[in-house]
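The values are calculated or read from the model by the stated rules, or taken from the named source; none is laboratory data. In this text the structure is predicted, and so the values were computed from the model without any measurement. Cβ placement follows ideal geometry from the backbone for every residue including glycine, while neighbour counts extend to all protein chains displayed.
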Amino acid sequence: MPYGADRHDGWADGPGEVVAVTTIDNLGLDACHLIKIDVQGMEREVLLGAAETIRSHRPLLYVENDLRKKSEALIGQILEMDYRPYWHVPRLYNPDNYRSERRNVFGDTVNENMLCRPSSRGRQIERLRAVASVHDWWQEA
């Protein structure tokens, strides 16, 4: 079903474009090492559409988690898939940026993400805080 054909969450008022949508599982990938998900509150749905790929290939997952009202279900889905999530909350501005730009127009703005590894890869991810439970939130360290 084309995304946007019968769906409107109110966050995208104005002109848009109808696009074809498929699941990651429908791609029939021979290998998958990383899935990066940033889809404005539909991250859990992407995970559900990639369940077989995730089960068979066990890639790392890098998942945006910036909506508190959807966070519990998202973390729950990741834990159910036997993954261990860690908070990764980088600032948008890095003083050591590629273009040596000195002006920080972003202030202290961050991007809220989780780096998730299969539980079977027993090592802790150093320098990132593990997500403690489905109720955890990045600001409550």
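Values for this structure:
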{"quantity": "Pairs with Cβ under 7 Å, 6+ apart, first in the range 121-139 and under 19 Å from residue 68 (Cβ atoms), second part of a loop (DSSP other than H, G, I, E, B)", "calculated": "129/141; 138/89; 138/112"}
{"quantity": "For residue 127: the one exception among (1) among the basic types (Lys, Arg); (2) surrounded by fewer than 10 Cβ atoms within 10 Å (Cβ to Cβ); (3) modelled with pLDDT of 95 or more", "calculated": "(3)"}
{"quantity": "Residues of the range 80-107 classified as closer than 19 Å to residue 128 by Cβ, surrounded by fewer than 16 Cβ atoms within 10 Å (Cβ to Cβ) and touching a residue at least 12 places away in the same chain (Cβ under 8 Å), total", "calculated": "4"}
{"quantity": "Residue identified as out of contact with any helix residue (DSSP H, G or I) (no Cβ under 9 Å at 6 or more places or on another chain) and crowded, with 18+ Cβ neighbours inside 10 Å among 37, 75", "calculated": "75"}
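Every residue, every condition in (1) within 30 Å of residue 56 (Cα to Cα); (2) hydrophobic (A, V, I, L, M, F, W, C), yes or no:
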residue	(1), (2)
77	yes, no
86	yes, no
101	no, no
122	yes, no
125	yes, yes
134	yes, yes
